[in-house]
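Input: a single structure, listed below in structure tokens.
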Amino acid sequence: MPPTVDEMIRKAAVLNAVRHDGKAEPGAVLGNLLGESPELKPKARELMPSVRRIVQEVNSTPLARLNQEVSEKWPTELVREKPEEERKLPPLPNAGKYKTIVTRLAPNPDFVLHLGNARAAILCHDYAKMYGGKFIVRFEDTDPRLKKAQLVYYDMIRDDLKWLGCDWDEEYIQSDRLPNYYAVAEALLAKGAAYVCECDVEKWRRLVAERIACPDRELPVARQIERWRRMLDGGYGEGEAVFRVKTDLSNPNPALRDWPGFRVVDMEKTPHPRVGTKFRVWPLYNMASGTDDHELGITHVIRGKEHLTNMARQLFMYKDLGWVYPDAVHFGRLKVEGMNLSKSKLMKALDAGEYHGVDDPRLGTFAAMRRRGYSPQTIRQLMWEVGPKPVDVMVSWDNINAINRKIIDPTSHRYYFTPDPITMMVSGVEESLEVHAPLHPQHPEMGSRTLRLPCEDGTVTLLVSGSDRSVLVTHEPVRLMGLFNIETIGFEDGILKAKCLGRTVSEGDRTPIIQWVPTGSKVSASVVLPDASERRGFAEEGLKSEPVGSVVQFVRFGFCRIDDEKPDRVTAYFAHE
Ligand SMILES: [Zn+2]
């Protein structure tokens, strides 16, 4: 019998209510109803009184009851995602001024990307896409001493960005562009806007603190150019000469007084991983970054507010050269509760062998999150919520996990996993059993897995989880998922004996329900937890049909990503509950 119109309204109202904290909205309900049943459109006006009445009824029903109604009557509706609300990033400043918006992400390939980089990566990429513009990735690898690039990280960063869905239109590597920076140096020297300083660091600091020009600053342009050539030709050793951009020695902020643009590096000691010992004069951050932002036509510099001082430094150079500084958006820091995102600290700990690698589950790197089964969509959604605001933002793993759960739950197949297993023999079973459990309770179309329990002399043998020990030893009835109720008798030679109480489930049954694995058809499984410890046990054999990389839910345990499969063992990484 087809549903009556009232029943159809009720369905639309209940679904609308469960998606909005128990409060359905008549207009939305009518809209959804007409979307599902367009044949009702001519009657829309007449339907409204019934819609209002039913919505009122529904809204006065406790949310838990509504949820129950949905899972009983329309289980597949629960996971049908509501259309993604039109989320928008606030507009970029002066976007209308430019024909094409160009943004850039400028990672240093001395480490992989991590959650602390998420804001820059997602915002730079997504803003460029939002305006139909261009997203540039620029590897900033011009510090051969302290932030030394490593070849392996160029590719790992590319992998991170591809995973995040931040495909780039152009890529540049600063170590290819040294001649560009040298040309800028010469232009600045020719304008008398820079000088080559021979003072030792201590002396220079002392002078600049007192706002006194060092003796090199006012030497004539020709002498400066001569010294610059000498820097390039190897006439100065490491630390013997610094190219400085003239600013304003009376600037109240000492950090803005005559900043360093280039220095001499002994490349025999620290060869560059890409260009070896080819160059000995290396640009410092502001010189390289400032030059590139201009030459690559960046219209919007979107980066952390810790760069505000750098912008102030670069503005002197831009003015000297007659360049126009891009529009800038400086956002706050993203902190993750209980997680160290300081790159230098992470690198030190990694070097000291405290972690297994950049994808160690204890780290907030994208490599680790990928390995654990996080969706890149989770990171994007979080960054859109956080946006480009200048305030620091603290998020918790609970926030991240709640977003991720919604994304991965609808596609994760379910399996039983029994960590630290206990062998259990259940007597009083009439026959061998074959259980067909759905791969996803809300998606029958995904199919099912089969668990077989051969019965011998009225007894079946299976494994249960060690974490359920406390429930099992109470001798109160316990339900084995999809099977029957049991009552435990006690341990005998390390085996837990129990008897079958039958399959009936009574109304309001509060019997604890636990998962199990058949002893005859199982696979060893170990799960690497977020603290890098391992939990071992057995999973049902069907798990072996999941390819490496798939995310599954171990029922009553949590979401995990299959990391490795051997004929006799599956290894998974734990994401979250
Ligand atoms: Zn000097």
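Computed from the coordinates by the stated procedures, all read-outs in this text should not be read as laboratory data. Note that the structure is predicted; figures quoted are calculated from it, not measured. Positions of Cβ are generated from backbone atoms using ideal geometry, with glycine treated the same way; all protein chains shown enter the neighbour counts.
Points worth noting:
- Straight-line cross-link partners of LYS246 among the aspartates and glutamates, defined as a Cα under 17 Å from its Cα and at least 8 positions apart when in the same chain: GLU186, GLU198, GLU210, ASP216, GLU218, ASP258, ASP320.
- When the P(r) of the range 271-430 is calculated, the portion above 19 Å amounts to 73% of the C-alpha pairs.
- Max-minus-min Cα coordinates of the range 82-177 on each principal axis give 45, 35, 19 Å, with the largest extent listed first.
- Contour excess over end-to-end distance, with Cα ends at ARG229 and LYS23 and 0.36 nm allotted per residue: 66.7 nm
- Highest to lowest packing among 555-562, 523-530, 363-370, scored as the average C-beta count within 10 Å: 363-370, 555-562, 523-530
- Environment charge of LEU453, counting only residues whose C-beta is closer than 14 Å and scoring Lys/Arg +1, Asp/Glu -1: -3
- Inter-centroid distance (Cα atoms) of the range 25-76 relative to the range 233-270, Å: 70
- For LEU34 and VAL471, a Förster radius of 45 Å and the Cβ-Cβ distance give a FRET efficiency of 0.40, rounded to the nearest 0.05.
- Between the range 168-222 and the range 470-526, the Cα center-to-center distance that results, in Å: 75
- Neighbour-count ranking [beta-carbon atoms within 10 angstrom, fewest first] of HIS20, HIS272: HIS20, HIS272
- Estimated FRET transfer efficiency (GLN68, LYS497; beta-carbon r; R0 45 Å; 0.05): 0.80
- Relative to its residue count, the range 15-173 spans a Cα convex hull of 208 Å³ per residue.
- Relative contact order (%) - criterion: Cα under 8 Å, at least six apart; region: the range 434-577: 16
- Listing VAL324, VAL548 from fewest to most neighbouring C-beta atoms within 10 Å gives VAL324, VAL548.
- For the range 405-446: rounded, prolate or oblate by the Cα gyration tensor [a/c cutoff 1.5]: oblate
- Couplings for the range 98-113, taken from phi via the Karplus curve 6.51 cos²θ - 1.76 cosθ + 1.60 with θ = phi - 60°, read 10, 6, 10, 7, 10, 10, 9, 10, 10, x, 8, x, 9, 6, 7, 7 Hz in order; Gly and Pro are left as x.
- Simple rule: put +1 on each Lys or Arg Cβ and -1 on each Asp or Glu Cβ in the range 60-194, find the dipole, and look at THR61, ASN108, ALA187; the Cα lying farthest toward the positive end is ALA187.
- Over all Cα atoms in the range 134-279, the spread is summed up by Rg and Dmax: 17.8, 53 Å.
- Using the alpha-carbon positions of the chain, Rg (one decimal) and Dmax (whole number) come out as 32.2, 104 Å.
- Spin-label pair THR504/ALA328, simplified geometry with 7 Å Cα→Cβ offset, distance in nm: 7.7
- Computed over the chain: relative contact order in percent, which uses C-alpha pairs under 8 Å that are six or more apart: 10
- The lysines within cross-link reach of LYS43, meaning a Cα-to-Cα straight distance under 23 Å and a gap of 8 or more places when in the same chain, are LYS11.
- Cα extents of the range 422-484 along the three principal axes, largest first (Å): 37, 28, 17
- With N as its number of residues, the range 502-577 has a Cα radius of gyration that, divided by 2.2 N^0.38 Å, comes to 1.26.
- In the chain, taking the dipole from charged Cβ atoms about the Cα centre, the farthest positive-side position among ILE225, VAL393, CYS166 is held by ILE225.
- Report note on the peptides 283-293, 403-413, 417-427: ranked by the mean count of other C-beta atoms within 10 Å, highest first, their order is 283-293, 417-427, 403-413.
- Two-site FRET efficiency, SER521 against ASP169, from Cβ-Cβ distance with R₀ of 60 Å, rounded to 0.05: 0.70
- For the pair ALA187 and ALA209, label points projected 7 Å from Cα toward Cβ lie 3.6 nm apart.
- Based on Cα contacts under 8 Å between residues 6+ apart, the range 244-307 shows a relative contact order of 23 percent.
- Helix-only arithmetic for the chain: the sum of -39500 (n - 2.57) across DSSP H runs with n ≥ 4, divided by the residue total, places the mean residue ellipticity at 222 nm at -10000 deg cm²/dmol.
- For the residue pairs LYS147/LYS305; LYS343/LYS566; LYS99/LYS335, the C-alpha atoms sit more than 27 angstrom apart in LYS343/LYS566; LYS99/LYS335.
- Least to most buried among MET383, MET1 (fewest other Cβ within 10 Å first): MET1, MET383
- Extension gain for THR309 to ALA44 (0.36 nm times residue separation, less C-alpha to C-alpha distance): 89.3 nm.
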